[in-house]
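Colleague: The structure follows.
The values are calculated or read from the model by the stated rules, or taken from the named source; none is laboratory data. Keep in mind the model is a prediction, meaning the values are calculated, not measured. All Cβ positions, even for glycine, are placed from backbone atoms using ideal geometry, and neighbour counts span all protein chains on display.
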Amino acid sequence: MPSSTSTHAPLLQAIDLHLFFGGLSALVSVSFDIRPGEILALIGPNGAGKTSALNCLNGFYRPQRGKILFDGHDLTHTPTHVIPRLGIARTFQNIALYTGMTALDNLMAARHIHMRQSMWASALYFGPAHREEIAHRRVIEEIIDFLEMEHIRKAIVGALPYGLRKRVELGRALALEPKLLLLDEPMAGMNVEEKEDMARFILDIHERRGMTILLVEHDMGLVMDIAHRVVVLDFGVKIAEGTPDEIKSNPAVIKAYLGETVNSEQSTVNSQQ
Amino acid sequence: MALRLAGDFDTSYAHDMAIIRNRGQWGMTIAFLIGLFALPFFADGHVIGTLNLIGISIIAVIGLNILLGYTGQISLGQAAFMAVGAYSAAVLVKAGVSFWLALPISGLVAGLVGLLFGLPSLRIKGFYLAMATLSAQMIIPWFFRNVRTDIFGGMPGLTMQPPRLGEIVFNSQATMYFPIMLTVVVCVIAAKNIARTRLGRALIAIRDNDLAAEVLGIAQFSHKLRAFFLSALYAGLAGALWAMYARTINPDQFSLLNSVWYLGMVIVGGMGSALGPILGAAFVRVLEEVTVQLAPVLSKLFPQLEAGLLAALGPITFGIALMLFLVFEPRGLAHRWELIKAAWRLRPFAH
Ligand SMILES: Nc1ncnc2c1ncn2[C@@H]1O[C@H](COP(=O)(O)OP(=O)(O)OP(=O)(O)O)[C@@H](O)[C@H]1O
Ligand SMILES: [Mg+2]
């Protein structure tokens, strides 16, 4: 499995991103690399621009300035729906599942980009469409096993509890078989046990599937535990980048988090302003 | 989770994905199909005529359900797309093309026109899209009424020669029943297949969360256009069959009111369900038939009732039924049917 070595060329390069909403600057000259095989954490106080950065990476927002290079492609003008084909998948901070479908179908829907059956083949079903459905069902069942969601396979996801919906969403992103997985606060709003499950899944995805992961997360203890590197945003500006240890002792980061209720290590930092 | 009969285990993914799962269900399906196609040999012409009308409505409503129920895009133009199918068939048959060839061509022509009127879905949604599709409903009947009256026959419309197959002339309710029901069966199966495969999931994904769908690789616009195309294709097939059924077609048969009735059938039947269009179309058409039969009886019993009121009995009943469904069973008859089935499977341990 690939490890986080700095000798590889970056999988993704965000270069000088600027994003404005009217007068509000969500991102100001933000640049960072994601190296193949690493878990990169993107942290920062509320409203720092983390979700906006993710939205730029998968073409949901278009930065007014700057460039995004991914695996040999320039994403700056790539249509949103093409970006997952190149290998970027994500989950959303406010779960965005297909609520009327079963968990199984949510995952199958993500296989869309890997399937080729035409409208007419779909309507006919027998033959190519049938074979293709079965082949992809196998892939999905592996993910279902892996995420331990056999029991909710045929449940309508709109009716599932929050923690399970988060898990289905992770499964849906995995079903795309991306090279880069963007996770926007996958553990927000979960209880301790659910958080531990989710952390285990993320580590497993990284280790067993060799996926590169960009993780946005508020739980500092967790970030420090599982991330290889950390990028810190504050008011749309990148204020720090480094290993978890470097970040923990970075004065700018400590200052940015002052006044916030910060978990674990960070909470020991004295407050002075 | 869907409840199944005991002993019905999934032995493979193919089996899990199959619609018909065991011998009993195969038996029932075959018996149903035999019954369906044997009906004209027993039932009287009037019943068959009603069934023909139900069949044509089912096809149009399945199409609308693909657009409205699965893709979440509203259309107020289903009757107009039927007009395109009906006129295509009539014009082609007049030009010497066999009806059996004209039928699929009419579907395709209507599909392409539907695709054209689906283009605004690139930019607009919901109420505004409904207004845009309303333009199809305004323009198309106007077109057939006023443009090239030498081809389309203007106000009085066109008369189509009944289709033939060797010696058989399809000019009675009993003979027309076969091509209509055959098309219904094909249309129902095709729609079910679409719903359970790649295209159907993409459409439902767009309905449920269009932005997430786009981010996860499903191109919104091209799939919305596919839905408009399919929806109008179904309408076109229904329209061509209608031309056979009615013999004479004219622009007034494809009014906004008809489009609204189809919308009503989708709602009464249950949006986004495979069974919904069948139940919805049958329910509304039977209701209509009952009110037609009831009107003379009522006028005898209550001579003081106004004739105008009796004539409006159909629309009034439809309106009330629609309202009751929206309030008490917005998921339609199909959902009710699922509940009944589930209760039956759990017998005798109800509740
Ligand atoms: N679509 C939008 N329109 C206007 N302003 C926006 C939009 N999206 C984000 N913003 C603004 O950009 C800034 C950054 O928001 P963003 O959601 O990226 O923050 P975040 O770091 O993800 O915060 P949180 O931790 O609360 O999720 C905020 O001030 C937000 O209000
Ligand atoms: Mg956010």
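Colleague: Taking the range A:125-137 only, how many residues are facing another protein chain (nearest Cβ under 7 Å) and on the phi < 0 side of the Ramachandran plot?
Modeller: Qualifying residue count, the range A:125-137: 4.
Colleague: Tell me which of these A:PRO84 doesn't satisfy, since it passes every other one: (1) touching a residue at least 60 places away in the same chain (Cβ under 8 Å); (2) within 13 Å of ligand 1 (Cβ to nearest atom).
Modeller: Here A:PRO84 meets the rest and fails (2).
Colleague: Inspect the range A:100-120 for any residue being more than 9 Å from chain B (Cβ to nearest Cβ) and touching a Leu at 6+ places or on another chain (Cβ under 6 Å) and give the result as yes or no.
Modeller: Looking through the range A:100-120, none of the residues is more than 9 Å from chain B (Cβ to nearest Cβ) and touching a Leu at 6+ places or on another chain (Cβ under 6 Å).
Colleague: Quick check on the range A:231-253. Is at least one of its residues within 16 Å of ligand 2 (Cβ to nearest atom), within 17 Å of the chain's Cα centre (by Cα) and not assigned by TED's automatic domain parsing to the domain that holds A:LEU17?
Modeller: Within the range A:231-253, none of the residues are within 16 Å of ligand 2 (Cβ to nearest atom), within 17 Å of the chain's Cα centre (by Cα) and not assigned by TED's automatic domain parsing to the domain that holds A:LEU17.
Colleague: Quick check on the range A:58-80: of everything there that is at the interface with another protein chain (Cβ under 8 Å from one of its Cβ atoms) and in a loop (DSSP other than H, G, I, E, B), which residue is nearest to B:SER222 (Cα to Cα)?
Modeller: A:PRO79
Colleague: Select from the range A:11-50 the residues that are in contact with an Asp or Glu (Cβ under 6 Å, 6 or more places away or on another chain) and near ligand 1 (Cβ under 8 Å from one of its atoms) and write down the one among them that is farthest from A:LYS255 (Cα to Cα).
Modeller: A:ALA48
Colleague: Mind telling me which of the residues B:LEU233, B:LEU279 ends up being closer than 19 Å to B:SER135 by Cα and either modelled with pLDDT under 95 or part of a helix (DSSP H, G or I) (or both)?
Modeller: Checking each option against the conditions leaves just B:LEU233.
Colleague: Additional query: Of the conditions (1) surrounded by fewer than 17 Cβ atoms within 10 Å (Cβ to Cβ); (2) of a type outside the set (D, E, K, R); (3) over 23 Å from the mean Cα position of the chain (by Cα), B:GLY153 fails just one. Which one is it?
Modeller: (1)
Colleague: If the requirement is being within 19 Å of A:ALA227 (Cβ to Cβ) and either touching a Lys or Arg at 6+ places or on another chain (Cβ under 6 Å) or surrounded by fewer than 17 Cβ atoms within 10 Å (Cβ to Cβ) (or both), which of these qualifies: A:GLY23, A:GLY44, A:GLY37, A:GLY49?
Modeller: Matching residue, one of A:GLY23, A:GLY44, A:GLY37, A:GLY49: A:GLY44.
Colleague: Another question, then. Condition first: closer than 26 Å to A:VAL231 by Cβ, assigned by TED's automatic domain parsing to the domain that holds A:ASP184 and within 16 Å of ligand 1 (Cβ to nearest atom). Can you find one or more residues in the range A:71-79 that meet it?
Modeller: Checking the range A:71-79: not a single residue is closer than 26 Å to A:VAL231 by Cβ, assigned by TED's automatic domain parsing to the domain that holds A:ASP184 and within 16 Å of ligand 1 (Cβ to nearest atom).
Colleague: Would the range A:117-132 turn up any residue that is under 22 Å from B:ILE19 (Cα atoms), surrounded by 17 or more Cβ atoms within 10 Å (Cβ to Cβ) and in contact with a Ser or Thr (Cβ under 6 Å, 6 or more places away or on another chain)?
Modeller: Yes, some residue in the range A:117-132 is under 22 Å from B:ILE19 (Cα atoms), surrounded by 17 or more Cβ atoms within 10 Å (Cβ to Cβ) and in contact with a Ser or Thr (Cβ under 6 Å, 6 or more places away or on another chain).
Colleague: One residue is enough: does the range B:116-128 have a residue meeting the conditions within 27 Å of B:MET176 (Cβ to Cβ), within 20 Å of the chain's Cα centre (by Cα) and either buried (at least 24 other Cβ atoms within 10 Å of the Cβ) or among the β-branched types (Val, Ile, Thr) (or both)?
Modeller: no
Colleague: Consider A:GLY59 carefully, then state whether it is more than 16 Å from ligand 2 (Cβ to nearest atom) and without any contact (Cβ under 8 Å) to a residue 12 or more places away in the chain.
Modeller: no
Colleague: Can you go through A:ALA26, A:ALA14, A:ALA48 and tell me which one is more than 14 Å from chain B (Cβ to nearest Cβ), in a strand (DSSP E or B) and within 13 Å of ligand 2 (Cβ to nearest atom)?
Modeller: Of A:ALA26, A:ALA14, A:ALA48, the one residue that is more than 14 Å from chain B (Cβ to nearest Cβ), in a strand (DSSP E or B) and within 13 Å of ligand 2 (Cβ to nearest atom) is A:ALA26.
Colleague: Looking at A:MET187, A:MET198 in this structure, which one is buried (at least 16 other Cβ atoms within 10 Å of the Cβ), modelled with pLDDT under 95, assigned by TED's automatic domain parsing to the domain that holds A:CYS56 and within 16 Å of ligand 2 (Cβ to nearest atom)?
Modeller: Only one candidate passes the filter, namely A:MET187.
Colleague: Given the criteria under 29 Å from A:THR243 (Cα atoms), within 12 Å of chain B (Cβ to nearest Cβ) and without any contact (Cβ under 8 Å) to a residue 12 or more places away in the chain, does A:ASN94 qualify?
Modeller: So A:ASN94 fits the description; yes.
Colleague: Specify the residue that is surrounded by the fewest Cβ atoms within 10 Å (Cβ to Cβ); the eligible residues are those in the range A:81-95 that are in a helix (DSSP H, G or I) and touching a Lys or Arg at 6+ places or on another chain (Cβ under 9 Å).
Modeller: A:LEU86
Colleague: Still on this structure, please answer the following. Condition check: more than 16 Å from B:GLY270 (Cα to Cα) and in a helix (DSSP H, G or I). Does B:LEU298 satisfy that?
Modeller: It is true that B:LEU298 is more than 16 Å from B:GLY270 (Cα to Cα) and in a helix (DSSP H, G or I).
Colleague: While we're here: I'd like to check something: does the range A:99-119 contain any residue that is polar (S, T, N, Q), assigned to a loop (DSSP other than H, G, I, E, B) and assigned by TED's automatic domain parsing to the domain that holds A:GLY242?
Modeller: No, there is no match, as no residue in the range A:99-119 is polar (S, T, N, Q), assigned to a loop (DSSP other than H, G, I, E, B) and assigned by TED's automatic domain parsing to the domain that holds A:GLY242.
Colleague: Sort out for me the helices (runs of 4 or more DSSP H) sitting completely within the range B:130-211 that have 1 or more residues that are out of contact with any Cys (no Cβ under 7 Å at 6 or more places or on another chain) and within 14 Å of chain A (Cβ to nearest Cβ).
Modeller: Those helices (runs of 4 or more DSSP H) span B:173-195, B:198-208.
Colleague: Got at least one residue in the range B:311-323 being more than 28 Å from B:TYR87 (Cα to Cα) and in contact with a Ser or Thr (Cβ under 7 Å, 6 or more places away or on another chain)?
Modeller: There is at least one residue in the range B:311-323 that is more than 28 Å from B:TYR87 (Cα to Cα) and in contact with a Ser or Thr (Cβ under 7 Å, 6 or more places away or on another chain).
Colleague: Right, B:ALA43: within 30 Å of B:GLN293 (Cα to Cα), more than 15 Å from the chain's Cα centre (by Cα) and assigned to a loop (DSSP other than H, G, I, E, B) or not?
Modeller: yes
Colleague: Exactly one condition in (1) away from chain A (no Cβ under 13 Å); (2) farther than 20 Å from B:VAL184 by Cβ is false for B:PHE228; which is it?
Modeller: With (1) away from chain A (no Cβ under 13 Å); (2) farther than 20 Å from B:VAL184 by Cβ applied to B:PHE228, the lone miss is (1).
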